[in-house]
Amino acid sequence: MALLTCMLAFASCSLAGQAPPQQRPTAVPRPALAVPLGAAVNYNALINDARYRDLLRATFSMVVPENEMKFDAIEPEQGQFNFQRADAIVTFAEDNNMWVRGHTLVWEQQLPAWLTNGHFTRDELMRILKEHILTEVGHFRGRVKTWDVVNEALAGTGLRDDLWLRVIGPDYIKWAFIWAHEADPQAQLYYNDYADQDGPKADALYTLVTNLRSQGVPIAGVGLEMHVDARQPPDAQAVAATMRRFAAAGFQVAITEMDVMLQHLTGSLQSQYQTQAAIYRAFALDCRQAPNCKFFTTWGVCDQYSWIIAATHHADAPLLFDKNYQPKPALYAVTGAL
Ligand code: G3I
């Protein structure tokens, strides 16, 4: 009976303790998809915009904080951890029966000034990174199921010349995964990057993760970002081949940050939307048809909050919902494919 109660309430409640369900079911049933559809969450919109929250919980089964789990947000001063915003996103997800992907533990960007200006030795930076990862992953242990442990470490075919590589050396990648696994052995650990075509960078990515695996590093999967300019989308067959290659090597994959920028297209808005929908459909189908593709995430919910507008200083409409919260052809293309 307790099991039935838990299942009916969509809650992951403790049978041993017979605790009542803590989580509310979703207000609107989400489409039942074979591949989970997720979205990056803009914290300010989540807190301040009820229509945004409604759209999120009605459409997506997974969330990833767009900025609130990055190094500068979590550890703004050395040794002082601030989980308030990230906790709010995780609590929203739990309240709505969504799962959470953590993004990201190690990246060259969004680092606090104390870290970038600190002139630390290798041993000091190793200790800082270890404490950061153990504290952050430990804080969310059991609540964040998947982590982007290392983000965009490749620049072309080599490792990016960033703080981590310069001070620690290439081993920082291996240690980041080992420490994340130590903090939550159940979490699925991913390497995330935008090497999503079949060029030299995709080969470098394959070499990087298979080398880590051969050293016993606990890496479960590879995130393929998929920020696309509609004028020149990647080849969907090449992406499918990349997914198959990782499947053969025993890696999960996921589309982790998809959006489709329209600002370089001409023609009517409706024709641009159709072009965009076709691009989304192609990569959603890649994911649906790959045996190892575990989820499909868009980098935002609706157009008015997309990072692309701030980054390019240009109007755009890259997501599945428009700036008036209305579904676009891309939404039906993605949900149909998944
Ligand atoms: O928080 C500050 C705020 O205090 C300040 O007033 C404001 C003024 O510009 O900036 C705010 O920080 C911004 C932050 O987003 C939060 O809004 C940064 O300037 C801005 O650069 C930052 O952009 C984020 C970007 O990563 C950083 O490189 C985007 O929102 C975020 O969507 C983007 O996400 C990345 C993924 O993490 C990794 N893959 C690529 C993807 C797109 O670049």
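The values are calculated or read from the model by the stated rules, or taken from the named source; none is laboratory data. Here the structure is a predicted model, which means the values were calculated and not measured. When we count neighbours, we look across all protein chains shown, and the Cβ atoms used for this are built from the backbone with ideal geometry, even at glycine. Calculation scope for accessible area: heavy atoms of the full protein, side chains included, ligands and nucleic acids excluded. Shrake-Rupley method; radii C 1.70, N 1.55, O 1.52, S 1.80 Å.
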**OP:** Could you rank Ser271, Ser61, Ser214 by how accessible they are, 1.4 Å probe, largest area first?
**Re:** Ser214, Ser271, Ser61
Original post:
When the Karplus curve 6.51 cos²θ - 1.76 cosθ + 1.60 is applied with θ = phi - 60°, which whole-Hz ³J(HN,Hα) does each residue of region 246-261 get, with x for Gly and Pro?
Top reply: 5, 4, 4, 8, x, 9, 6, 9, 7, 8, 9, 8, 6, 8, 10, 6
Original post:
Out of residues 5 or more away from Cys293 or on other chains, whose amide H comes under 5 Å of its own, with H placed 1.01 Å from N in the peptide plane?
Top reply: Val253
**OP:** Return a single number: how many Lys pairs in the chain, at a sequence separation of 8 or more or on separate chains, have alpha-carbon atoms below 18 angstrom apart.
**Re:** 4
**OP:** Let me know the charge dipole size of region 108-174 about its Cα centre in debye, to the nearest 20, where only the beta-carbon of Lys, Arg (+1) and Asp, Glu (-1) is charged.
**Re:** 280 debye
Original post:
Between rounded, prolate and oblate, where does the chain land on the alpha carbon gyration tensor, with a ≥ b ≥ c its root eigenvalues, rounded for a/c under 1.5, else prolate if a/b exceeds b/c?
Top reply: rounded
Original post:
Put a dot 7 Å past each Cα toward the Cβ at Gln263 and Arg231; how far apart are the dots in nm?
Top reply: 1.1 nm
**OP:** Note down the nm distance, to one decimal, between modelled labels 7 Å out along Cα→Cβ at Ala238 and at Gln274.
**Re:** 2.6 nm
**OP:** Under a 10 Å cutoff between Cα atoms, tell me which one of Thr210, Thr266, Thr146 has the largest fluctuation in the Gaussian network model of the chain.
**Re:** Thr266
**OP:** Pairs of Cα atoms under 8 Å, at least six residues apart: use those to get the relative contact order of the chain, whole percent.
**Re:** 16 percent
Original post:
Cβ under 15 Å from Phe177's Cβ, Phe177 left aside: what net charge do those residues give with Lys, Arg +1 and Asp, Glu -1?
Top reply: -3
Subject >> Residues whose placed amide H lies under 5 Å from that of Lys70, excluding near-sequence neighbours >> reply: Thr104
**OP:** May I ask you to evaluate 6.51 cos²θ - 1.76 cosθ + 1.60, the Karplus curve with θ = phi - 60°, for each residue of region 180-185 and list the ³J(HN,Hα) values in order in whole Hz, giving x for glycine and proline?
**Re:** 5, 5, 4, 6, 8, x
**OP:** Could you give me the radius of gyration and the Dmax of region 193-263, taking only the C-alpha atoms into account and expressing both in angstrom?
**Re:** 12.7, 44
Original post:
Under the Karplus relation 6.51 cos²θ - 1.76 cosθ + 1.60, θ = phi - 60°, what is the ordered set of whole-Hz ³J(HN,Hα) values for region 208-215, x standing for Gly and Pro?
Top reply: 4, 6, 5, 5, 4, 4, 5, 8
Original post:
Under a 5 Å amide H to amide H cut-off, with H placed in plane at 1.01 Å, what residues pair with Thr298 once short-range neighbours are removed?
Top reply: Gly38, Ala39, Ala40, Met258
**OP:** Compute the length gained on full extension between Ala113 and Ala310: take 0.36 nm times their separation in residues and subtract their Cα-Cα distance, giving the result in nm to one decimal.
**Re:** 68.7 nm
